[in-house]
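A short write-up of the structure that comes next.
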């Protein structure tokens, strides 16, 4: 079976590329399973410090594959539920990945492709990239990706974009919080490399804790988070990384996790 993704590790950076450029990296059940399997292994590999998620060719991800959509028309209700759960599980795994995930958005991201974008911690997109939640134009809704998208852009922007299914550009995506940085094609790799460099200046355990902190605290009443946040900072101050970070600061040297 030919792999539908390309995975390569360069030092501390793992790049995961959707690799069906001839169909704009459209998602198939096989690709979803492969991506899920890769993200399952990342927490076990301490050598990986940063993950870059991207697409091959000139598109990031066109959403669901057309041949799969035709086949899904004959799925039973249970089979459709199972398929939705597989997509949801992938999105959740990307979002909860303990390593920082950079979305290297090299072109169009539609439907499930935008779902993947919304799960990344930092998103760098080329200025020609187009985005869209096309589901309502197909008589369905962006159901399983909605918790992740709403967490990124909020309900106000989602109302318009979900209901119209219209395409929007990278500038709009940046304005609504889906994308962090917009660059020209020739500047994409430089911008991603700069983000990687900045991420490698922070302690990996602290980054994992920061990601968990955001998931725990967001949208919760502030008073309900008093105990959790106080206990977390106490735990991290007493951790190996916390002690090293304070010692290196006081001793005016770099901590062990910073790249030379």
* Whole-number percent relative contact order across the chain, with pairs defined as alpha carbons under 8 Å at least 6 apart -> 15 percent
* **the chain: angle of helix 226-237 to the longest principal axis, Cα-based, in degrees nearest 10** => 60 degrees
* To do: Mind pulling the angle between the C-alpha long axis of helix 77-95 and the longest principal axis of the chain? Nearest 10 degrees, somewhere in 0 to 90.
  => 30 degrees
* Kindly express, to the nearest 10 degrees and within the range 0 to 90, the angle between helix 29-41's C-alpha long axis and the longest C-alpha principal axis of the chain. => 10 degrees
* Structure fact -> GNM of the chain, Cα pairs under 10 angstrom: of 173, 17, 73, the biggest fluctuation goes to 73
* Structure fact -> With Rh as the Kirkwood radius over Cα pairs, segment 1-147 has Rg/Rh of 0.95
* Asked: Per residue and in cubic angstrom, what volume does the convex hull of the Cα atoms of segment 204-250 have?
  -> 72 Å³
* Radius of gyration, Dmax [the chain; alpha carbons; angstrom] -> 19.3, 66
* **Top of 54, 15, 76 by mean-square fluctuation, Gaussian network on the chain, Cα under 10 Å** => 76
* Helical contribution to [θ] at 222 nm, DSSP H n ≥ 4, -39,500 (n - 2.57), averaged over the chain, rounded to 500 -> -14500 deg cm²/dmol
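Just so you know, all these numbers are worked out from the coordinates, no wet-lab data involved. In this text the structure is predicted, and so the values were computed from the model without any measurement.
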